[in-house]
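See below for the structure under consideration.
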Amino acid sequence: MTNIDKLVDGIMDSYEKHGLVNRNDAENFPNRQTVVSILSDVQSLIFPGFRTEEYIDPVNIRYVTGQKVNSIIAKLTKEIQKALIYTMTHTKGSSDNIENSHCFALAEKTALALIEEIPEIRRKVQLDTIAAFNGDPAAKSNEEVILSYPGLEAIVVHRIAHFLYKNGVPIIPRIMSEHVHGKTGVDIHPGATIGESFFIDHATGVVIGETTIIGNNVKIYQGVTLGALSVKKSLQDKKRHPTIEDDVTIYAGATILGGDTVIGKGCTIGGNTWITKSVPAGSVITI
């Protein structure tokens, strides 16, 4: 036996011993690279001409858009179907052909619903872009914001992932959110509810938990945590993260914790503050 054979045997033996990190039946689980590819295609619909190398003009834009839409529906349907079958198998212990067919129908319906939602997502993203331009004196144009601001990219991906999350898609929204987390340093759980005209300035190190609710015209800076007071598994179905009402600014390094914590409308939360209790509307909180 060659040295290579021995090395391969060692790896194969680990597959038997440590099954938790195996995906031998990978065809029954969403593919991360495919999900990221889908995400890129959806972003190209939101920002036509900004996120891909292809040339787009008034003559070919309908054709290009049609190609993207067909590709997204086909690939996303397959990945959602796999996610649904995987979840069903692990909760019910079965995956017969009837359930597979049912999962395909649900997956296709959800993929089509996402495409139908694109105009509304674009409306919200335009407001987010304008909020970033108006909120940052260093921004020279909306185009600069779209091309270079990691906070905006994190928000865009969240709006896509949140739609899928709210429509009952397992696994895939987390793949999307963690992909953009790795790119931007912004960690937004796809379950978080975020209003219009949201701006994350400088982006890095922001954490927004699953049950967070954020209103309209909210601006936060780097290093802000909207988290839970407790991370016990038994609380997974409870509201664990704060509510941020409209027109709030939260400066760098602030930590706001707890499902009962409400930051009232128009508050300013100073940098490096630690908040675990509600704050009345219009307050200014500093260390």
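The values are calculated or read from the model by the stated rules, or taken from the named source; none is laboratory data. The structure presented is a predicted model; accordingly, all values stated were derived computationally and were not measured. Because the Cβ atoms are built from the backbone with ideal geometry, glycine has one as well, and the counts that use them run over all protein chains shown. Please note that ligands, DNA and RNA were not included when accessible areas were found on the heavy atoms of the full protein model with its side chains. Shrake-Rupley method; radii C 1.70, N 1.55, O 1.52, S 1.80 Å.
Roll a 1.4 Å probe over the protein heavy atoms and report the accessible area of M12 in Å², nearest 10.
Solvent-accessible area, nearest 10 Å²: 100 Å².
Would you please give the residues with an amide H less than 5 Å from that of G195, counting only those at least 5 places away or on a separate chain, with H modeled from the backbone geometry?
I214, G215
Let me have the 222 nm mean residue ellipticity of the chain computed from DSSP H runs of 4+ only, each contributing -39500 (n - 2.57), with the sum over all residues rounded to the nearest 500.
-16500 deg cm²/dmol
Give, rounded to the nearest 20 debye, the magnitude of the charge dipole that the range 160-287 has about its Cα centre when Lys and Arg contribute +1 at Cβ and Asp and Glu contribute -1 at Cβ. Provide the component values of the computation, followed by the final result.
On the way: 11 positive and 10 negative charges, 77 e Å.
Its charge dipole is roughly 360 debye.
When semi-axes √(5λ) of the Cα gyration tensor in Å is calculated directly from the model, which label among (i) 24, 22, 19; (ii) 44, 21, 17; (iii) 35, 26, 19 fits?
From the options (i) 24, 22, 19; (ii) 44, 21, 17; (iii) 35, 26, 19, the structure gives (iii).
Compare L229, L76, L45 in a GNM of the chain, Cα atoms joined below 10 Å, and give the one with the largest fluctuation.
Evaluated over the chain, the most mobile residue of the options is L229.
Whenever you get a sec, line up L112, L39 from highest to lowest accessible area (probe 1.4 Å, protein heavy atoms).
Correct descending sequence by accessible area is L112, L39.
Rank V69, V169 by accessible area, highest first, at a 1.4 Å probe radius?
On the way: V69 35, V169 10 Å².
Sorted by accessible area, descending: V69, V169.
Report the extension gain between H90 and N70 in nm, rounded to one decimal, defined as 0.36 nm multiplied by the number of residues separating them, less their alpha carbon distance.
Result for the pair: 4.1 nm of gain on full extension.
Structure shown: which of K166/K232; K233/K277; K78/K238; K75/K183; K140/K183; K232/K277 lie over 25 Å apart, alpha-carbon to alpha-carbon?
K78/K238
Say we join alpha carbon atoms closer than 10 Å with springs in a Gaussian network model of the chain; which of S141, S40, S177 then has the biggest fluctuation?
Per the Cα network of the chain with a 10 Å cutoff, S141 tops the list.
Sorting K265, K75, K82 by accessible area (1.4 Å probe), largest first, what list results?
K265, K75, K82
Taking 0.36 nm per residue of separation and subtracting the Cα-Cα distance, what length does fully extending H202 through E120 add?
Full extension of this stretch gives 26.9 nm more.
How much solvent-accessible surface does Y15 expose, in Å² to the nearest 10, with a 1.4 Å probe and all protein chains in place?
Rounded to the nearest 10, that gives 100 Å².
Using a 1.4 Å probe on the protein heavy atoms only, what accessible surface does F133 show? Give it in Å² to the nearest 10.
70 Å²
Could you work out what % of the accessible surface of the chain is carbon and sulfur, using a 1.4 angstrom probe and leaving DNA, RNA and ligands out of the count?
Ligands and nucleic acids excluded, carbon and sulfur reach 54 percent.
In whole Å, how far is the Cα centre of the range 128-181 from that of the range 211-256?
Using only Cα atoms to place each centre, the spacing works out to 17 Å.
Non-local amide H neighbours of R240 (under 5 Å, H modeled in plane, Pro and chain starts lacking H): which ones?
Answer set, sorted by chain and number: T211.
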